[in-house]
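**Student:** Let me give you the structure first, and then I'll get to my questions.
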Amino acid sequence: MIAVAERINGMFLDVKKAIQKKDPGAIVDLAQRQTEQGAKYLDINVGTAAEDQQAAMRWLVETVQGACSTPIALDSQKLSVIKAGLEVCDGRGLMINSVSGDDEKLDVYMPLAVEHKAALVCLTMTKEGVPQNVETRVEIAMNIVAKAMEHGMDMPKVFIDPIVLPITVDQKQPGFLCQVIQQLKLLSDPPPSTIVGLSNISQGTSNRHLINRIALVMLQGAGLDAAIIDVLDTDIMDAAITADMLLDRMIYSDSYLKAARM
């Protein structure tokens with residue numbers, strides 16, 4: 001599974017302070033520790049930590065690039081902030097996170113992703129909101145696949161996010177997500193990649209770490225390719241790596257946990 005590390009985000013107090021003070025120490029530390037724990041991408045999100053989000057994104061990208069060689073996921077709902085990050089990217093692997101499934105949005109973001117050879121996270125939601133059933137999410141996903149073909153995107157670089165909602169809102173959601181992921185693997189050849197923002201599933205619960213862990217393994221069993229997670233949570237990373245091994249996605253050895261993090 002592709003682990004996208006979530007901690008370089010302005011919503012966290014240590015990152016917010018680092019952005020505001022332009023202090024690279026905390027950012028460098030997070031970039032390096034998340035890489036050591038097996039992150040395949042480092043998600044970078046300014047959030048509301050800075051008034052000038054474009055300048056803050058440039059600073060974050062440059063700081064992370066100076067700390068490690070791990071690919072970067074540029075995370076913002078503002079196109080101008082994404083473009084600011086792209087301006088200073090050094091050509092390493094790249095992901096753009098994220099865009100809704102509306103055609104007008106896809107027609108802007110997909111050419112940008114192709115130009116920069118970036119993966120693109122595409123949400124199964126439109127201006128009408130998040131569908132409450134499997135069928136509509138799959139319909140939006142297949143429209144995203146068709147748009148990707150139209151724009152010449154490599155299908156493995158199209159990451160479909162079926163949208164994780166908290167189980168406190170709707171306990172049927174994990175089952176819905178599994179069905180969407182399974183159907184996407186059957187309806188497209190080659191299929192797109194799939195990704196979730198995992199931590200949403202446990203919002204408002206008292207057993208967040210356990211719920212996140214079990215949900216991730218469930219989704220991996222359904223065919224999930226990637227997840228935005230806290231890679232510094234050793235238990236969830238060990239569970240994800242072990243699930244991959246048991247699903248025959250990696251070769252077993254006594255040091256498989258260590259090998260997967262290299």
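**Student:** Any residue at all in the range 157-171 that's of a type in the set (D, E, K, R) and closer than 23 Å to Asp43 by Cα?
**Tutor:** Yes, some residue in the range 157-171 is of a type in the set (D, E, K, R) and closer than 23 Å to Asp43 by Cα.
**Student:** Just to be sure I understand, how many residues within the range 43-58 are within 23 Å of Ala3 (Cα to Cα) and out of contact with any helix residue (DSSP H, G or I) (no Cβ under 6 Å at 6 or more places or on another chain)?
**Tutor:** 3
**Student:** Is it true that some residue in the range 242-261 is of a type outside the set (A, V, I, L, M), closer than 17 Å to Arg33 by Cβ, touching a residue at least 24 places away in the same chain (Cβ under 8 Å) and not in a loop (DSSP other than H, G, I, E, B)?
**Tutor:** No - not one qualifying residue is present in the range 242-261.
**Student:** Name the one entry in Val158, Val196 that is touching a helix residue (DSSP H, G or I) at 6+ places or on another chain (Cβ under 7 Å), surrounded by 16 or more Cβ atoms within 10 Å (Cβ to Cβ) and farther than 18 Å from Ile236 by Cα.
**Tutor:** Sole residue among the options that is touching a helix residue (DSSP H, G or I) at 6+ places or on another chain (Cβ under 7 Å), surrounded by 16 or more Cβ atoms within 10 Å (Cβ to Cβ) and farther than 18 Å from Ile236 by Cα: Val158.
**Student:** Look at the range 135-155 and say how many of its residues are surrounded by fewer than 19 Cβ atoms within 10 Å (Cβ to Cβ) and closer than 17 Å to Lys172 by Cα.
**Tutor:** Going through the range 135-155 one residue at a time, the tally reaches 2.
**Student:** Give the range 13-65 a look and list any residue that's of a type in the set (Val, Ile, Thr) and surrounded by fewer than 18 Cβ atoms within 10 Å (Cβ to Cβ), or say none.
**Tutor:** Val28, Thr48
**Student:** Condition first: among the small types (Gly, Ala, Ser) and more than 20 Å from the chain's Cα centre (by Cα). Now tell me which residues in the range 40-55 satisfy that.
**Tutor:** Answer for the range 40-55, where residues must be among the small types (Gly, Ala, Ser) and more than 20 Å from the chain's Cα centre (by Cα): Ala49, Ala50, Ala55.
**Student:** Can I ask one more? Could you tell me which residue of the range 164-193 is farthest from Met142 (Cα to Cα), considering only residues that are in contact with a helix residue (DSSP H, G or I) (Cβ under 6 Å, 6 or more places away or on another chain) and of a type in the set (Ser, Thr, Tyr)?
**Tutor:** It comes out as Ser193.
**Student:** Given the conditions (1) under 16 Å from Ala5 (Cα atoms); (2) surrounded by fewer than 16 Cβ atoms within 10 Å (Cβ to Cβ), which single one is not true for Arg208?
**Tutor:** (1)
**Student:** For the range 111-132, state whether one or more residues are out of contact with any Pro (no Cβ under 6 Å at 6 or more places or on another chain) and at positive phi.
**Tutor:** yes
**Student:** A further question follows. Among residues belonging to the range 68-99 that are surrounded by fewer than 18 Cβ atoms within 10 Å (Cβ to Cβ) and small (Gly, Ala, Ser), point out the one that is nearest to Val145 (Cα to Cα).
**Tutor:** Going through the qualifying residues, I end up with Gly93.
Read-outs throughout are calculated quantities, based only on the coordinates presented, and are distinct from any laboratory measurement. Because the structure is predicted, anything quoted here is derived from the model rather than measured. Backbone-built Cβ (ideal geometry, glycine too); neighbour counts: all protein chains shown.
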